[in-house]
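Below is one structure, written out as structure tokens, with a few remarks after it.
Since every read-out is calculated from the coordinates, none of them should be taken as a lab result. Everything numeric in this text was worked out from a predicted model, so none of it was measured. Counting neighbours? That spans all protein chains shown, and the Cβs are built from the backbone with ideal geometry, glycine included.
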Amino acid sequence: MIRQTIHNELLRRLKEKRRFIQVLAGPRQVGKTTLVRQVMAASKLPAHYASADEPTLRDRTWIEQQWDLARLKARDAKGSALLVLDEAQKVSGWPDLVKLLWDADTHAGLPLKVVLLGSAPLLLQRGLTESLAGRFEVIRVPHWSFTEMREAFGWTLEQYIVHGAYPGSAELIGSPERWRRYVVDSLIETTLSRDILLLTRVDKPALLRRLFHLGCAYSGQILSYQKMLGQLTDAGNTVTLAHYLELLEGAGMLAGLEKYAHGLVRQRGSSPKLQVLNTALMTAQDTRNLKEARLDGDYWGRLVESCAGAHLFNSSAGTGIELTYWRERNHEVDFILRQGKTTVAIEVKSGRRRESLAGMEAFAHQFKPRRLLLVGGQGIPLEEFLSHPASHWVS
């Protein structure tokens, strides 16, 4: 279980004598707060938790107040205490203040342990690297895996493909319209408006929103930035689109996979392959139920491929494994995993296209990967594939 592994790792780090600010970074509604509260109880340390999820009500003074409350607990206990700040990146100027308070405790010999949680990992990471270098460690909390949703809620493979991986929505899938409204209102809109637009300079918020919806509609497809601009009917530029795609990826919503490049040269100028990071983001904006989705071969194929891609992206994040795609002339491979000198080519047989494996054959001939994986059809069953992280296939 991914979350149990994260729980154990965070608890282990908090018990070490050496102090680092521990950062749990991941999208909304993936269980960061629940996880850290369980760690608070298991650590048996005097602990103080506070959330800055209402950014208009929080300022630098608020952080100082929470820090002082945790310091009092440490002094009363005559030992360590734990401070957890949720959504700290929503307080203006938080990195410099956290650095000041952390360094003051270090100088005074006060063994205060600090954990920061954030649902906008990109913004959180920028603040950490700009002001807190050498003082923090990051633990990434990804979307829930198929195995976790199956064990926690008894979900079937088809339910996971259609309803994605938000645990808070699990009890709502029996009421499709209620489920859709939850995902759209509580997850999509909240992430766009509060985790991106409210905290980042976005000159064209309408363009960012349309890019997100376009990415959901075209997930699993390779689309040049020029074609995106044409679809979006906007006078923006490719640099703006690339930046907005980076923001959406940082919020755990949508990524643009780069084209595989052999050697050290990356192909950032290539057309990205759009990839939702949770299939619920696709299906919540569609009116088809599970049965109807299953009967629509092309739509189901896109869901299957997007589900596999989201799994690879989420399970490879922060591991040093590079996830790309490959295309040359009429040959294409869905996903390429690379770690060090190990390369694995993955083709997802979703039933919607490319019955032959000419792309895999061309890639193998040119790059000599360690492994060729066919997922679905007569290859590895999708359920088995989703039960292993990306690292399993490159080991």
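What helices in the chain pass both tests, a Cα length along the helix axis of 27 Å or more and a mean Kyte hydropathy of 1.6 or higher, using whole DSSP H runs?
none
Considering only DSSP states other than H, G, I, E and B, which trypsin sites (Lys or Arg not before Pro) in segment 198-254 qualify as loop sites with at most 14 other Cβ atoms within 10 Å?
201
Based on the alpha-carbon gyration tensor of segment 2-140, what equivalent-ellipsoid semi-axes (square roots of 5 times the eigenvalues) come out, in whole Å, largest first?
Equivalent-ellipsoid dimensions as semi-axes: 20, 19, 14 Å.
Most fluctuating residue of 118, 309, 79 in a GNM of the chain with Cα springs under 10 Å: which is it?
Checking each option, the largest mean-square fluctuation is seen for 79.
Return a whole-number percent for the relative contact order of segment 31-101, with Cα pairs under 8 Å and 6 or more residues apart as the contact set.
Reported as a whole number, the value is 41 percent.
Fully extended, how many nm does the chain gain between residue 178 and residue 42 (0.36 nm per residue separation, minus their Cα-Cα distance)?
Computed gain between residue 178 and residue 42 is 45.4 nm.
Between residue 153 and residue 384, what length in nm is gained on full extension when 0.36 nm per residue of separation is reduced by their alpha carbon distance?
The span from residue 153 to residue 384 would gain 81.4 nm if fully extended.
What nm distance separates the two modelled labels at residue 171 and residue 100, each placed 7 Å from Cα along Cα→Cβ?
4.3 nm
Counting only pairs 8 or more residues apart or on different chains, how many lysine pairs in segment 2-140 have their Cα atoms under 19 Å apart?
Summing the qualifying lysine pairs gives 18.
Restricting attention to segment 37-123, which chymotrypsin sites (Phe, Trp or Tyr not before Pro) occupy a DSSP loop and are surrounded by at most 14 other Cβ atoms within 10 Å?
Answer by residue number: there is no such site.
Grab the Cα-Cα distance for residue 288 and residue 226, subtract it from 0.36 nm times how many residues apart they are, and report the gain in nm with one decimal.
In short, 19.3 nm is gained.
Can you give me the C-alpha center-to-center distance between segment 127-199 and segment 99-113, rounded to a whole angstrom?
Their Cα centres are 33 Å away from one another.
Among the lysines, select those whose C-alpha is under 19 Å from the C-alpha of residue 368, and discard any that sit fewer than 8 residues away in the same chain.
Cα-Cα hits under 19 Å: 259, 341.
Check the straight Cα-Cα distances from residue 291 and name the aspartates and glutamates below 17 Å, setting aside those fewer than 8 residues away within the same chain.
Here the aspartates and glutamates satisfying the reach criterion relative to residue 291 are 158, 177.
Can you return the aspartates and glutamates within cross-link range of residue 204? Criterion is Cα-Cα under 20 Å, with same-chain partners fewer than 8 residues away left out.
In chain and number order, the partners are 189, 195, 234, 246, 249.
At 4 °C and 1.567 mPa s, grab the translational diffusion coefficient of the chain from Stokes-Einstein with a Kirkwood Rh over Cα pairs, rounded to a whole number in µm² per second.
It comes out at roughly 58 µm²/s.
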